[in-house]
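The values are calculated or read from the model by the stated rules, or taken from the named source; none is laboratory data. Just so we're clear, the structure is a prediction, and the values are computed from it rather than from any experiment. No Cβ is skipped: glycine too gets one built from the backbone with ideal geometry, and neighbour counts run over all protein chains shown.
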Ligand SMILES: Cc1ncc(COP(=O)(O)O)c(C=O)c1O
């Protein structure tokens with residue numbers, strides 16, 4: 001089987017898309033109707049009811065008590081870290097294989113990222129790598145986890161559910177408990193993914209979601225903080241709406257706030273999509289199932305959901321034998337009307353993060369050299 005055959009198979013999945021995109025949004029419900037409502041009623045800013053409607057829908061799907069809609073997932077993670085008390089100089093552990101926003105939001109909040117390895121099975125944070133880093137580098141002092149190398153407190157751990165595949169969150173949670181670390185989940189890619197029947201993003205203190213144009217559900221640009229903790233939700237809501245004390249006419253801001261709430265026009269699109277979210281999820285899982293059958297038949301490793309997990313299969317992925325094979329495929333597919341892409345460049349190797357502490361990352365390197373994401377849009 002050649003690259004040409006693989007491309008032909010992918011094209012047969014998306015016969016009307018030329019070129020076939022990696023993840024193209026489809027609008028199959030009330031999107032236009034709700035957008036027209038925003039315009040006709042003039043409720044286009046975050047004041048409109050669609051923001052609340054969308055927050056409620058996300059609470060229902062994920063099973064959390066509170067959801068706060070924000071302008072994008074990066075801003076959501078930034079604000080969330082401020083809301084849980086991250087201060088300048090605090091260190092936060094995350095995984096080296098992630099989208100740049102995970103690390104950028106840590107820095108925006110004044111923190112310093114520390115990078116650990118991922119697992120080959122889940123593509124997400126490796127509990128072993130995390131445990132090993134902590135065993136070698138920290139001491140507990142007055143209930144605080146202190147990095148012996150830098151003298152700075154490590155406050156939180158942010159695992160990311162890569163391409164929608166849940167990490168081994170219970171193991172990570174146990175390690176966090178042992179070292180007095182807060183667990184915050186980057187669930188930007190995993191709306192609709194469950195671990196042991198519990199939605200991703202509901203295991204730690206709080207989590208974020210993204211509704212960027214390439215996600216399962218999009219608002220154009222958008223994000224959300226989800227949490228069971230009312231105080232965190234209130235704080236996120238407050239600082240993301242300019243930190244203005246509620247009053248009918250006075251403008252009194254007790255602190256430096258942000259203007260990060262999601263506008264109603266965006267929420268209108270997202271709410272419409274969420275009305276048929278079950279269909280989107282079923283469609284994605286069916287695509288992954290068909291891909292898996294195909295790639296199994298030609299002996300190309302296809303990334304499947306981990307044990308005890310139900311993935312949303314946001315972006316499907318295959319593995320090549322080495323970087324050369326991967327690059328040949330990337331070149332061939334992108335030259336021939338099928339958008340594909342490699343995994344992200346490992347964060348600890350990027351210029352802004354080269355000085356950050358990191359563990360050995362053999363698994364992340366293995367994946368980064370071989371993985372290719374293939375088109376995964378909802379098939380209509
Ligand atoms: C892992 C991860 N974290 C954070 C974000 C940031 O979300 P946004 O693009 O909505 O800012 C994204 C992606 O888009 C992501 O994939």
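Consider the range 42-67 and keep the residues that are more than 13 Å from residue 263 (Cβ to Cβ) and out of contact with any strand residue (DSSP E or B) (no Cβ under 9 Å at 6 or more places or on another chain). The one that is surrounded by the most Cβ atoms within 10 Å (Cβ to Cβ) is 53.
Elements of the type helices (runs of 4 or more DSSP H) sitting completely within the range 1-104 and holding at least 3 residues that are more than 29 Å from residue 295 (Cβ to Cβ): these cover 31-41, 49-62, 73-83.
Evaluate the range 208-219: report whether one residue or more is surrounded by fewer than 20 Cβ atoms within 10 Å (Cβ to Cβ), more than 16 Å from the ligand (Cβ to nearest atom) and either free of Cβ contacts under 8 Å to residues at least 60 places away in the same chain or farther than 17 Å from residue 308 by Cα (or both). The answer is no; no qualifying residue exists. Among the candidates 61, 79, 93, 39, the residue that is at pLDDT 95 or above and under 14 Å from residue 206 (Cβ atoms) is uniquely 79.
Restricting attention to the range 69-86 and to residues that are under 25 Å from residue 51 (Cβ atoms) and away from the ligand (no atom under 14 Å from the Cβ), the residue that is surrounded by the most Cβ atoms within 10 Å (Cβ to Cβ) turns out to be 83.
Restricting the range 87-106 to residues that are surrounded by fewer than 22 Cβ atoms within 10 Å (Cβ to Cβ) and closer than 22 Å to residue 169 by Cα leaves a set whose member that is nearest to the ligand (Cβ to nearest atom) is 99.
Note on the range 133-153: among residues that are touching a helix residue (DSSP H, G or I) at 6+ places or on another chain (Cβ under 8 Å) and in contact (Cβ under 8 Å) with a residue 60 or more places away in the chain, the one that is surrounded by the fewest Cβ atoms within 10 Å (Cβ to Cβ) is 149.
Meeting the requirement of 2 or more residues that are under 17 Å from residue 84 (Cβ atoms), more than 11 Å from the chain's Cα centre (by Cα) and at pLDDT 95 or above, the strands (runs of 3 or more DSSP E) wholly within the range 136-235 are 144-147, 153-158, 182-186, 223-227.
All conditions but one from (1) in contact (Cβ under 8 Å) with a residue 40 or more places away in the chain; (2) farther than 25 Å from residue 376 by Cβ; (3) part of a helix (DSSP H, G or I) apply to residue 238; the one that does not is (1). Candidates in the range 336-354 are the residues that are over 14 Å from residue 116 (Cα atoms) and in contact with a strand residue (DSSP E or B) (Cβ under 9 Å, 6 or more places away or on another chain); of these, the one that is surrounded by the fewest Cβ atoms within 10 Å (Cβ to Cβ) is 337. For the range 307-322: of the residues being over 19 Å from residue 187 (Cβ atoms) and surrounded by 13 or more Cβ atoms within 10 Å (Cβ to Cβ), which is nearest to the chain's Cα centre (by Cα)? Out of the qualifying residues, it is 318.
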